[in-house]
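Colleague: Starting off with a structure, shown below.
The values are calculated or read from the model by the stated rules, or taken from the named source; none is laboratory data. Bear in mind the structure is a predicted one, so any value in this text is a computation, not a measurement. Note: ideal-geometry Cβ built from the backbone for every residue, glycine included; neighbour counts use all protein chains shown. Only protein heavy atoms, including side chains, enter the accessible area calculation; ligands, DNA and RNA are left aside. Shrake-Rupley method; radii C 1.70, N 1.55, O 1.52, S 1.80 Å.
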Amino acid sequence: MNSIVIAPSILSLDYANVSAQLEILKESKAEWLHFDVMDGHFVPNLTFGPDILRGFKKACPLFMDVHLMVEDPETYAPIFIKNGADLVTFHTEALNNDLTRIQKLLDEIHGLGAKGGIVVKPNTAIEPFESVLKSCDLVLIMSVEPGFGGQKFMADMLKKVEWLKEKREALNLSYRIEIDGGINQDTFRLALNAGCDTLVAGSYVFKNDIAKTIEGMLE
């Protein structure tokens with residue numbers, strides 16, 4: 001079984017208190033930082049570019065889990081890898097769910113020395129992507145509509161998690177299963193029980209005692 005990883009989402013950082021919160025994260029049991037890239041087109045919000053990632057990478061040694069919510073991940077994946085991404089996930093929908101393009105981008109990400117994976121929105125089935133699972137280091141299931149933090153957890157997305165867990169075992173693969181959206185004191189247990197081993201948490205971490213909240217999800 002993969003060990004549990006908590007990936008606090010910097011989308012929910014207190015940007016008036018970044019240095020102090022990053023110091024707390026570095027001393028916490030979080031191993032990853034989740035870095036949401038939104039272009040204002042693929043999703044109706046605009047967040048961080050590669051220069052910001054480079055700054056976070058310099059300030060914080062945690063593994064950088066970069067989630068591209070952009071219309072053109074084929075252009076931007078290499079740019080973010082160059083600026084410090086350790087893992088890049090991209091939306092299948094951005095590539096029109098085209099398995100050939102998805103496979104090609106996964107291969108390119110690996111060729112650049114990073115880990116790679118796919119993401120699906122709530123209304124996108126996961127089953128059609130079985131053939132590319134062998135090339136995924138991680139599969140991210142969105143349990144809210146991507147674009148904004150603070151949304152309610154969609155429990156029916158756990159069926160996708162269960163399917164991914166079954167396929168991982170049946171195909172003898174090792175990809176991580178990550179979930180993003182609405183993770184809190186109740187839903188994180190549902191996600192873990194369904195088969196997730198990687199939890200993205202934003203508001204729940206940063207609006208509470210950061211270190212204690214992370215530790216509580218690992219108990």
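Colleague: Sort out which residues of the stretch 155-181 are surrounded by 24 or more Cβ atoms within 10 Å (Cβ to Cβ) and on the phi > 0 side of the Ramachandran plot, and write them in order of number.
Modeller: Gly181
Colleague: From the list Gly182, Gly116, Gly111, Gly147, which residue is among the small types (Gly, Ala, Ser) and either in contact (Cβ under 8 Å) with a residue 40 or more places away in the chain or over 20 Å from Leu68 (Cα atoms) (or both)?
Modeller: Exactly one of Gly182, Gly116, Gly111, Gly147 is among the small types (Gly, Ala, Ser) and either in contact (Cβ under 8 Å) with a residue 40 or more places away in the chain or over 20 Å from Leu68 (Cα atoms) (or both), namely Gly147.
Colleague: Hey, another quick one. Can you find even one residue in the stretch 94-113 that is open to solvent by less than 20 Å² (accessible area, probe 1.4 Å), closer than 20 Å to Gly202 by Cβ and either in contact with a Lys or Arg (Cβ under 8 Å, 6 or more places away or on another chain) or not aliphatic (A, V, I, L, M) (or both)?
Modeller: No, every residue in the stretch 94-113 fails to be open to solvent by less than 20 Å² (accessible area, probe 1.4 Å), closer than 20 Å to Gly202 by Cβ and either in contact with a Lys or Arg (Cβ under 8 Å, 6 or more places away or on another chain) or not aliphatic (A, V, I, L, M) (or both).
Colleague: Across the stretch 142-154, what is the total count of residues that are within 22 Å of Val88 (Cα to Cα) and open to solvent by 40 Å² or more (accessible area, probe 1.4 Å)?
Modeller: 3
Colleague: Quick check: anything in the stretch 207-214 over 14 Å from Pro8 (Cα atoms), open to solvent by less than 20 Å² (accessible area, probe 1.4 Å), in contact with a Lys or Arg (Cβ under 7 Å, 6 or more places away or on another chain) and not aromatic (Phe, Trp, Tyr)?
Modeller: Scanning the stretch 207-214, I find no residue that is over 14 Å from Pro8 (Cα atoms), open to solvent by less than 20 Å² (accessible area, probe 1.4 Å), in contact with a Lys or Arg (Cβ under 7 Å, 6 or more places away or on another chain) and not aromatic (Phe, Trp, Tyr), so the answer is no.
Colleague: Checking the structure you have, find out if any residue of the stretch 6-28 is under 16 Å from the mean Cα position of the chain (by Cα), at pLDDT 95 or above and of a type in the set (Asp, Glu).
Modeller: No, there is no match, as no residue in the stretch 6-28 is under 16 Å from the mean Cα position of the chain (by Cα), at pLDDT 95 or above and of a type in the set (Asp, Glu).
Colleague: Another question, if that's okay. Pick out the one residue from Phe188, Phe206 that is among the aromatic types (Phe, Trp, Tyr) and farther than 23 Å from Asp86 by Cα.
Modeller: Selected residue: Phe188, the only one of Phe188, Phe206 that is among the aromatic types (Phe, Trp, Tyr) and farther than 23 Å from Asp86 by Cα.
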